[in-house]
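Student: Got a structure for you, written out below as structure tokens; questions coming shortly.
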Amino acid sequence: MTKSLIVDPKQMRKTGKLKIADIPMNTYQKTVADEKGNYTKEEFLRIYRDMLIIREFETMLNLIKTTGEYEGVAYNHPGPAHLGIGQEAAYVGQAYDLGIEDYTFGSHRSHGEILAKGLSAIAKLGDEELTKIMEGHFGGEAYGVVKSHTEYKGVKDIAREFLMYAALAEMFARKTGFNKGLGGSMHAFFTPFGIYPNNAIVGGSADIATGAALYKRVNKKGGMVVCNIGDGSLGCGPVYEAMGFASMDQFHTLWDKDHSGGLPIIFNIFNNSYGMGGQTSGETMGYGEVARVGAGMSTSAMHAERIDGMNPLAVIDGYRRKRETIEKRQGPVLLDVVTYRFSGHSPSDASSYRSKEELELWEQADAIKTFPKQILDAGIATQKELDAIIANVKIDILHIVKLAVDETVSPRMDLIANPDEIADLMFSNGNVRSMDESRKPDVLIAKEENPRVIKLKNKIRSAYQDGKPVSKNKMLQLRDAMFEAILDKFYEDPTLVAYGEENRDWGGAFAVYNGLTEALPYHRLFNSPISEAAIVGTAVGYAMSGGRALVELMYIDFLGRAGDEVFNQMSKWQAMSAGAIKMPLVLRLSVGSKYGAQHSQDWSALATHIPGLKVVFPATPYDAKGILNAALSGTDPVIFCESQRIYDVGEQFMSEVPEGYYEVPIGEPDIKKTGSDLTVLSIGAALYRALDAAKILEEQYGVSTEVIDARSLVPFNYEKVIESVKKTGRIIVTGDACERGSQMKEFAQTISELAFDYLDAPPVVVGARDWITPAYELENHFFPQPSWIVDAVHERILPLPGHTAKQNFTELEQIRNNKRGV
């Protein structure tokens, strides 16, 4: 179906000049005295108290890191503590009007953001709801500690202790922390208060927060998303990818009226003028002012504005105005929040890159000094009242420190008593057919009216009919089987979205999505920018917010452009959250051939090396549909590898591919052919060459060969393989990846360990050469061929009578190639 947008040459070739919207800079200039009629005394004092809590909390962390104690309480904290001392006004001003329906995502320097957002939530929530939240978090473990040691009676006072204690316990790796100590200082979060993951990767929250905003827009959820990143992150490509994704024109031009409009996200740049020691404006960047970046991202310049982050009232004012922009569906928004950290990048940073004069200039603007002075000057409160606030804050911080460092009160995970406690958190292993059963999916036509569904009714669901091969065009192909799984899930799970490069009108690069355009509105299936990091990162944010995402990178070779998003984000948040977050996300990656060195590599081993990812590689239509069904009903992140070589193959092993729903369990290999003399374990499309080799071995040399299709790489159940090796005593592992560091090597090593007593020869790996992938015309010299498997059997496992090997698989050749690094 062709898009309704016309690219008009008259418009494209018209002369003229672009006009950039004006970007306001520090327009708010009011003081406490000016705002006396708009805030109560209690509100002014709450702002001051919240800033003091953050300042004292981080001062405490700094003292523990640098001196080993706080107020006489000794403690050694070897972990990180990236402080934002000086930025309290920016934190508190931002959080002041945010509710728990508003999500914040942050960076490694997020202690103040967490506390400010939590304190704001506590101020707004009722006692009953607060108690329910505290009691419900991991069975009330942290709440139990606070409740049994507090001297407070009021729920809100206890909740503030809970917030500070659980945050500090998390930073000290205690089991009573927000995430059982598995997130730590740089990753702490608490979703019941709308505090979503904070990220140790600079700029790492940008695309994840954008995905959360996408979730809110697609599923018509209230609230907005705030992405807190620093000015240093504007040197990171994924940040620009996220802003570009959030600014896509299609949100206004193609999406229906119920879902149209800019994403509800504010990119909040805490602009403290430094990355670590590099000064951004004037040294490492070229934008001059952070706010200027908005001019290049959208026609509205992202409603960019510079705000004085040293004045909490200015930040509150800015957020109130920008919320109106968000509620009018005119996002995204970019805020350049000017602030300054008096602390170094970390406690070990001596700040030698900045002058004493500069620090003194900024100290004069310190809100911890200027804001209480304004309160006094305006007659809002007395010095005695302010001193009482300071004293109470110090008492509270000292109290939570004593609790957090006490190992009898705040123990760590006991990995001796329960060595599997972290292992059990790596995968959730859930099966949830719909992430939101309260509503029906948005679709355009009934499933049975879909043109491709109608066409597939006439397809033969096997590669053979009456024992004869079926022509390619008449049989149900692997791409068709995948389509059926995806279409079924779209009609079952209203949260499911699919996007990537050329997913909609094109039908995906390899025609898996053909027929979905007619069935689905734009907000469920759409084309993304060519932004691999944003594709995966937004899917991470979408999934952790409660939706299900199916996204695609056109080639697995592009995995490097989404490396952080796959290896640090998609894979880790379930475990770092101690299971509080689920990650129902399937990432499709096609494994190519024909396209040379940068488009025809099998990089599946990169994914298998990373803990927390399930990695599958089905090779038959039956398996592809069943495994995709399992992945799309699961609650774990799945890397779904697909070989371009076999999109058009039919089912050769089952009688036929069922029309209805079924699942193939992830992690279970499958015997495609039985045998007694040799086992071949294949990965992906190499299955078919393994079968060809088995035919040669049996017909020409009488070697009965058992062929096992791995189907999954992680997890993987070795039991069938070990049973096969017990029978045959010999095994070859084959696939299309380069041999060095491959999953084939991992399989071979593990089989050596598990089946050593049953092996008559060491396992042999037959993979691709450790070269660049050559042109299509030379591929038969690069990717494993049936004859290679036969040669490997002859030279390394079982001499074949009369056979002359053409490929050199001898041990001497293996030594020679490793010595050369090829």
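Student: Evaluate the distance, in nm, between pseudo-label points positioned 7 Å from the Cα of GLU385 and of THR750 along their respective Cα→Cβ axes.
Tutor: Reported label-point gap for GLU385 and THR750 is 6.6 nm.
Student: Cα convex hull of region 463-557: mean projected area in nm², to one decimal?
Tutor: 7.6 nm²
Student: Which whole-number value in Å² is the accessible area per residue of the chain, probe 1.4 Å? Intermediate results must be reported in sequence, preceding the final value.
Tutor: Details: 32530 Å² over 822 residues.
With all protein chains present, the chain gives 40 Å² per residue.
Student: Return, for the Cα atoms of region 588-737, the radius of gyration and Dmax in Å, separated by a comma.
Tutor: Cα radius of gyration and Dmax of region 588-737 are 15.4, 48 Å respectively.
Student: What is the calculated FRET efficiency for TRP771 to SER655, with r their C-beta to C-beta distance and R₀ = 35 Å, to the nearest 0.05?
Tutor: The computed FRET efficiency comes out at 0.30.
Student: Of the accessible area of region 615-719, with the probe set at 1.4 angstrom, what percent is carbon plus sulfur?
Tutor: Carbon and sulfur atoms account for 46 percent of the accessible area of region 615-719.
Student: So in the chain, what percent of DSSP beta bridges are antiparallel if you round to the nearest 5?
Tutor: DSSP beta bridges in the chain are roughly 20 percent antiparallel.
Student: Can you give the convex hull volume of the alpha carbon atoms of region 503-601 per residue, in Å³? Kindly include the intermediate steps, with their values, before the conclusion.
Tutor: Working: hull volume 9.7 nm³, N = 99.
Normalising the Cα hull of region 503-601 by residue number yields 98 Å³.
Student: List the residues, sorted by chain then number, that are 5 or more residues from ALA188 or on another chain and whose placed amide H is less than 5 Å from its amide H.
Tutor: ASN198
Student: Here is a follow-up. In region 758-820, what trypsin sites (Lys or Arg not before Pro) fall in a loop by DSSP, with at most 16 other Cβ atoms inside 10 Å?
Tutor: Here the trypsin sites (Lys or Arg not before Pro) that fit, given the DSSP loop and packing criteria, are ARG769, LYS806.
Student: With θ taken as phi - 60° and the coefficients 6.51, -1.76 and 1.60, list the Karplus ³J(HN,Hα) couplings across region 292-304 in order, rounded to whole Hz; mark glycine and proline as x.
Tutor: Going residue by residue, I get 4, 4, x, 5, x, 9, 7, 5, 8, 6, 6, 6, 5 Hz, with x marking Gly and Pro.
Student: Starting from the Cα coordinates of region 383-506, work out the convex hull volume and express it per residue in Å³.
Tutor: Given the Cα convex hull of region 383-506, per-residue volume reads 305 Å³.
Student: Given R₀ = 25 Å, FRET efficiency for SER4-ASP258 by Cβ-Cβ distance, to 0.05?
Tutor: 0.90
Student: Between ILE422 and GLU448, with labels modelled 7 Å along Cα→Cβ, what's the label distance in nm to one decimal, could you check?
Tutor: 5.3 nm
Student: Here is a follow-up. Give me the orientation-averaged projected area of the Cα convex hull of region 440-505, in nm², one decimal.
Tutor: That works out to 5.5 nm², a quarter of the Cα hull's surface.
Student: So what are the three principal axis dimensions of region 315-394 from its Cα atoms, in whole Å, longest to shortest?
Tutor: 42, 40, 23
Student: Using Cα centres only, tell me the gap between region 523-541 and region 776-804 in whole Å.
Tutor: For region 523-541 versus region 776-804, the Cα centre distance is 42 Å.
Student: Enumerate by residue number the trypsin sites (Lys or Arg not before Pro) in region 119-179 meeting two conditions: DSSP loop (anything except H, G, I, E, B), and at most 16 other Cβ atoms within 10 Å of the site's Cβ.
Tutor: Passing sites in region 119-179 are LYS153.
Student: Could you give the spread of the C-alpha atoms of the chain along their three principal axes, from largest to smallest, in whole angstroms?
Tutor: Dimensions of the chain along the principal axes of its Cα atoms: 101, 68, 51 Å.
Student: List every residue whose amide H lies under 5 Å from the amide H of VAL226, counting only residues 5 or more places away in sequence or on a different chain, with H placed 1.01 Å from N in the peptide plane.
Tutor: Placed amide hydrogens put TYR103, THR104, PHE105, ILE266 under 5 Å from VAL226.
Student: Oh, and also: How are the C-alpha pair distances of region 99-220 spread across 5 Å bins, as whole percents from the shortest bin up?
Tutor: 2, 12, 21, 24, 19, 13, 6, 2, 1, 0
Student: Using a 1.4 angstrom probe with every protein chain in place, what is the largest-first accessible-area order of THR804, THR59?
Tutor: On the way: THR804 110, THR59 45 Å².
If we order THR804, THR59 from most to least accessible, we get THR804, THR59.
Student: Please list log₁₀ I(q)/I(0) at q = 0.11, 0.14, 0.17, 0.24 Å⁻¹ for region 235-314, using the Debye equation with identical point scatterers on the alpha-carbon positions.
Tutor: -0.37, -0.57, -0.79, -1.24
Student: Here's a follow-up. Beyond 19 Å, what share of the Cα-Cα pairs of region 275-336 remains, rounded to the nearest whole percent?
Tutor: 41 percent
Student: Which pairs break 29 Å Cα to Cα here: LYS41/LYS328; LYS468/LYS745; LYS489/LYS695; LYS3/LYS455; LYS153/LYS180; LYS440/LYS582? Each step should come with its number before you reach the end.
Tutor: Details: LYS41/LYS328 32 Å; LYS468/LYS745 38 Å; LYS489/LYS695 39 Å; LYS3/LYS455 23 Å; LYS153/LYS180 26 Å; LYS440/LYS582 22 Å.
The pairs that break the limit, which is 29 Å between Cα atoms, are LYS41/LYS328; LYS468/LYS745; LYS489/LYS695.
Student: Heads up, I need the accessible area for ASP692: 1.4 angstrom probe, whole protein in place, Å², nearest 10.
Tutor: Accessible area, nearest 10 Å²: 80 Å².
Student: Given a 1.4 Å probe and the protein chains all in place, what does the accessible area of TYR688 round to, in Å² to the nearest 10?
Tutor: 40 Å²
Student: From the backbone phi of region 753-765, what are the Karplus-calculated ³J(HN,Hα) couplings (6.51 cos²θ - 1.76 cosθ + 1.60, θ = phi - 60°) in whole Hz, Gly and Pro given as x?
Tutor: So the J values, rounded to whole Hz, are 6, 7, 10, 4, 5, 9, 8, 8, 7, x, x, 10, 9.
Student: If each residue of separation counts as 0.36 nm, what is the full-extension length gain between ASP505 and THR27 once their alpha-carbon separation is subtracted?
Tutor: 167.6 nm
Student: Moving to a separate point now. Please state the shape class of region 725-805: rounded when a/c is under 1.5, otherwise prolate if a/b exceeds b/c and oblate if not, all from the C-alpha gyration tensor.
Tutor: Oblate shape, in that a/c is at least 1.5 and b/c is the bigger or equal ratio.
The values are calculated or read from the model by the stated rules, or taken from the named source; none is laboratory data. What you see is a predicted model, and the numbers here were worked out from it, not measured in a lab. Note that we place each Cβ from the backbone using ideal geometry, even for glycine, and neighbour counts take in every protein chain shown. Ligands, DNA and RNA are stripped out before the accessible areas are found, and what is left, the full protein with its side chains, is counted by its heavy atoms. Shrake-Rupley method; radii C 1.70, N 1.55, O 1.52, S 1.80 Å.
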